[in-house]
Amino acid sequence: SLIADFETIITDSEVEALLLECNLIKKHNPKYNILLRDDKTYPFITITDEAHPRILVTRQVKKGMGKYYGPYPNATAAKEAARLLNRLFPFRKCRQIPGKPCLYYHLGQCLGPCQEDVPKESYDKIRKEAATFLKGDQGAILRSLEKKMKDASENLEFERAKEYRDLIEDLKKVGEKQNITLNDFVDRDVVGYAYTRDQLCIQIFYLRQGKLLSRDNFIFPYYEEPEEAFVSFLAQFYTESSALPQEILLPPLDISVLAKLFPMIVPQKGQKRDLVQMAMENAQTTLHEQISIEIRNLTECTQALEEISNALGIPSLRTIESFDISNIAGTHSVAGMIQFLDGKPNRSQYRKFKIQPMPNMDDTASMHQVIERRYARLQQECLPLPDLILVDGGKGQINAALDALRNLKAVIPVAGMVKNDKHQTSALIDSAGRIHSLDRRSAGFRLMERIQNEVHRFAITFHRQQRAKSMTLSELDGIPGVGPKRRQQLLRYFKSVETIRQATVEELQKSGLPSPAALAVYEHFNPHKEESHDS
């Protein structure tokens, strides 16, 4: 057994025990429990409670922020609905009310609080109409748009009539994507599951206002009875949910404890039972498809590793670590390291390195430094070394890596991934300088190409981040009273230099800056403006 010890906690009820289990699983991430690692939250559309309300897409439900509608199955669906709402109803579009009317006002898509006082009644009216739309009743809006289109056409306002026609078509398209499955307009989730000896697949259908919006799949290993793993998943998933549906339909199982916490039912007949059966069948199909994909991938990965190990004469090949140096004319020099385990990316072992500047620092010297730092660390921590190191480069990079390994008395095969004149993956080069060309259609070549592309992507992304960070900080350099800590404080609060540039003195003070520093920042970005502020 791999379990060294365990503790028991006695609770007053099964409900309390279930909630405690969810909290402990989330805290400790135990190996043998179902884990919801991504903490997935779903997007909502909110009509804000501001004096001049806006339509927003958000994943956070906050009390007092506004009225929320959803959740939507993904951000695309939520943004599509929000875009249509903003075209249909003249809500405020600007984050801050500008000093003069914007384009939306002239297009009739904003009531223009920057231009004139807008009565509360006007906003109440469009709030009510938008809420009707979000609850699934599009008939009244369609009739209103059709009348406006007809009136505009009769008045020879053909451009405006065309705008109404386009809105009607977009509205109908949104309706067509939502297949009505139940006509009671109830928000509900329908959950089904399927399992093999070691894998569990859970399928959730999201019905909102009686319409099937989308579905989600979850596939993971389990270590208990499948029904117990399914119940554990449900408890965690709906404990994490920011907004529960009115009903959660489940297949036959003991839900006596869950039903005390969540609106869960097991339908016995009719359309609801048919929906659960559909979810069960979809879970089974998804699981079979996933298993087929895994078998194909495993076969290809095994073949790819065999082809690379045979080419380089390596007896056993499971772990490959690959390095790439990225810089521009020697500035902001960084390195990226990726690891592939059994032919697949092992992202938990990806590493980033900032190159320590030294005299005559070129790419080979940078490679030497990074290899030495990486494997000195593994030796100090008594961690296993990889079976192969692949560098993105030729003989010079290979020799730099081998020299660093000799200093550490570490023995690891090193090879390089070389490119052709078109900068495309071409072949492997070993430590003796021999070129090994793999068939471009082979699994081994595809794996080598994937590793080279991935390490390049990882290194250059890190380099761009460092360069952008340096440029961002340089824009805040030289401001009196704003040192490194306050620069970071400003960026954490405002997220970007552009937002800092547009902030008022009062807004800068809200970030935690004292009054003199806030004024200095404001004057740095607005040298020709004057702003009244408290002394």
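Computed values, structure above
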{"quantity": "Surface/4 estimate of mean projected area, convex hull on alpha-carbon atoms of the chain, nm²", "calculated": "36.7 nm²"}
{"quantity": "Packing rank of 404-416, 142-154, where each peptide gets the mean count of other beta carbons within 10 Å, highest leading", "calculated": "404-416, 142-154"}
{"quantity": "Pairs of Cα atoms farther than 12 Å apart, the stretch 476-525, %", "calculated": "54 percent"}
{"quantity": "The chain, relative contact order in percent, only Cα pairs under 8 angstrom and at least six apart counted", "calculated": "8 percent"}
{"quantity": "Over the stretch 183-287, equivalent-ellipsoid semi-axes from the Cα gyration tensor in Å", "calculated": "21, 16, 13"}
{"quantity": "Count, lysine Cα pairs under 18 Å in the stretch 418-523, 8 or more residues apart or across chains", "calculated": "5"}
{"quantity": "Partner aspartates and glutamates for LYS128 [C-alpha distance under 14 Å; skip if fewer than 8 residues away on the same chain]", "calculated": "ASP49, ASP137"}
{"quantity": "Principal-axis tilt of helix 270-312 within the chain, Cα atoms, nearest 10 degrees", "calculated": "20 degrees"}
{"quantity": "Gyration tensor over alpha-carbon atoms, the stretch 44-142, equivalent ellipsoid semi-axes in Å", "calculated": "22, 15, 13"}
{"quantity": "Percentage relative contact order, the stretch 183-287, counting C-alpha pairs under 8 Å, at least six apart", "calculated": "34 percent"}
{"quantity": "Relative contact order %, the stretch 267-378, counting alpha carbon pairs below 8 Å whose residues are six or more apart", "calculated": "17 percent"}
{"quantity": "Dimensionless Rg ratio for the stretch 432-515, taking C-alpha atoms and the 2.2 N^0.38 Å reference", "calculated": "1.90"}
{"quantity": "Dipole magnitude of the chain, debye to nearest 20 (Cβ charges: Lys/Arg +1, Asp/Glu -1, about Cα centre)", "calculated": "1260 debye"}
{"quantity": "The stretch 362-519 - Rg (one decimal) and Dmax (whole number), Cα, Å", "calculated": "23.0, 67"}
{"quantity": "q = 0.08, 0.21 Å⁻¹: log10 I(q)/I(0) that the Debye formula gives for the stretch 286-436, counting C-alpha atoms only", "calculated": "-0.25, -1.44"}
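Each value in this text was obtained by applying a stated rule to the coordinates, not by laboratory testing. Since the structure is predicted, the reported quantities are computational estimates derived from the model, not experimental observations. Because the Cβ atoms are built from the backbone with ideal geometry, glycine has one as well, and the counts that use them run over all protein chains shown.
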